[in-house]
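As structure tokens, the structure follows; a few thoughts come after it.
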Amino acid sequence: MSISAVTGHKDTPLLNLTDVTKRYPGGRLALGGVSLGVGRGETVGLVGESGSGKSTLARLALGLLAPDTGSVRFAGHDPYRLRGLSARAVRGRLQFVPQNPGGSLNPGLRAGEAVAFPLGLHGVPRRDRPQAVAALFQRVGLDPGLARRYPRELSGGQLQRVAIARALAPGPELLVCDEPTSALDRTVQAQVLDLLVELQDTAGIGCLFISHDLAVVRHLADRVLVLRHGQVVEERPVADLWRAPRHPYTRALLAAAGDEPADLP
Ligand code: ADP
Ligand code: MG
């Protein structure tokens, strides 16, 4: 059972988007009135095909973009307006796991330095950082010896684990994961998903998990929202969605995931 089922995420979602719209300059409406809540320790899946607005929603949640209308709140704060030192503590509670870990890591920094950097920002003294980095490497299933390597010397799965370790460094309560496994091959993808599930179970870290692939979301989400052309067309507990998808678009996504609902118990 997820923590949210105990604490009741409906009372106080940690992350709350209400009726959010966003249009890029010159573009069409990327999000057309989306509401979404993620409770403490809850994992919410967001699925939809390419261009449906998933990454836009992630950027809004992280405060990298401001909505045109509607509101975004993380722990009661507007993430877009978080600035300065006092904001840092709040920012540490909300972290990002990107799609392309290779591209998000500075090629000139060793893996250990990439993870040590946010530790420094969040007040871990320099002398304590090597040990903290080693602990984070272990936590994500990496040999701490790999901390000396540069990104180009690591595999895709190892890079994604480094990106997750870096996201864990400030002690987040919520991870926004935007297609975190779509650049990885199947086996490695499963290992990284297992790691995210474990973090959810053992540390109670919540997750907004974004993917175009329902089969992936199914492994770790409590609840799934289906996004199409910037609108939520279906929002259900994951098991219900699988058993009895309501919207034709959800059925199409399930078929694309190679797992027809009728085949399942
Ligand atoms: P997804 O992550 O589901 O593929 P996005 O949120 O990236 O979708 O994109 C939603 C829509 O917004 C698409 O039509 C896309 O072309 C458009 N879009 C995304 N980013 C930008 C941008 N920086 N400038 C203009 N249009 C954008
Ligand atoms: Mg995207």
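Any read-out appearing in this document is the output of simple, stated calculations on the displayed coordinates, not a laboratory observation. These numbers were taken from a predicted model, which means no experiment stands behind them. Note that each Cβ is placed from the backbone with ideal geometry, even for glycine, and that neighbours are counted across all protein chains shown.
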I'd like the trypsin sites (Lys or Arg not before Pro) in the stretch 5-89 restricted to DSSP loop residues with at most 16 other Cβ atoms within 10 Å, sorted by number.
LYS10, ARG28, ARG83
Roughly what % antiparallel, to the nearest 5, for the DSSP beta bridges in the chain?
50 percent
Using +1 on the beta carbon of Lys and Arg, -1 on that of Asp and Glu, and nothing else charged, what's the dipole of the stretch 96-171 about the Cα centre, debye to 20?
120 debye
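What number, in percent, do you get for the relative contact order of the stretch 96-171 if the mean sequence gap of Cα pairs under 8 Å and at least 6 apart is divided by its residue count? Don't jump to the answer; show the numbers that get you there.
Values: 93 pairs, mean separation 35.7, N = 76.
Computed over the stretch 96-171, the figure is 47 percent.
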Let me check against my output: what whole-number percent is the relative contact order of the chain, with C-alpha pairs under 8 Å and at least 6 apart?
24 percent
Rounded to the nearest Å, what's the spacing between the alpha carbon centres of the stretch 201-252 and the stretch 55-122? Just the number, please.
23 Å
For q values of 0.11 Å⁻¹, compute log₁₀ I(q)/I(0) with the Debye formula on a Cα-only model of the stretch 96-171, without solvent.
-0.21
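For the stretch 43-121, rounded, prolate or oblate, judged on the Cα gyration tensor with a ≥ b ≥ c (square roots of eigenvalues), a/c < 1.5 rounded, else prolate if a/b > b/c? Could you put the intermediate results ahead of the total?
Numbers: a/c = 2.33, a/b = 1.23, b/c = 1.90.
It comes out oblate by the Cα gyration axes.
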Principal axis dimensions, largest first and in whole angstrom, of the stretch 118-210 by Cα:
38, 30, 19
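Beyond 22 Å, what share of the Cα-Cα pairs of the stretch 4-144 is found? Please give it as a whole percent.
Numbers: 5082 of 9870 pairs.
Result: 51 percent of Cα pairs exceed 22 Å.
How large is the Rg to Rh ratio of the chain when both quantities use alpha carbon positions and Rh follows Kirkwood? Walk me through the numbers on the way to the answer.
On the way: Rg = 18.2 Å, Rh = 18.9 Å.
Using Cα coordinates only, the ratio equals 0.96.
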Taking 0.36 nm per residue of sequence separation and subtracting the Cα-Cα distance, how much length would be gained by fully extending the chain between ALA215 and ALA135, in nm to one decimal?
25.7 nm
Förster radius 30 Å - calculated FRET efficiency between ARG126 and SER86, Cβ distance, rounded to 0.05:
0.85
Classify the stretch 153-265 from the C-alpha gyration tensor, please: rounded if a/c falls under 1.5, else prolate or oblate depending on whether a/b exceeds b/c.
prolate
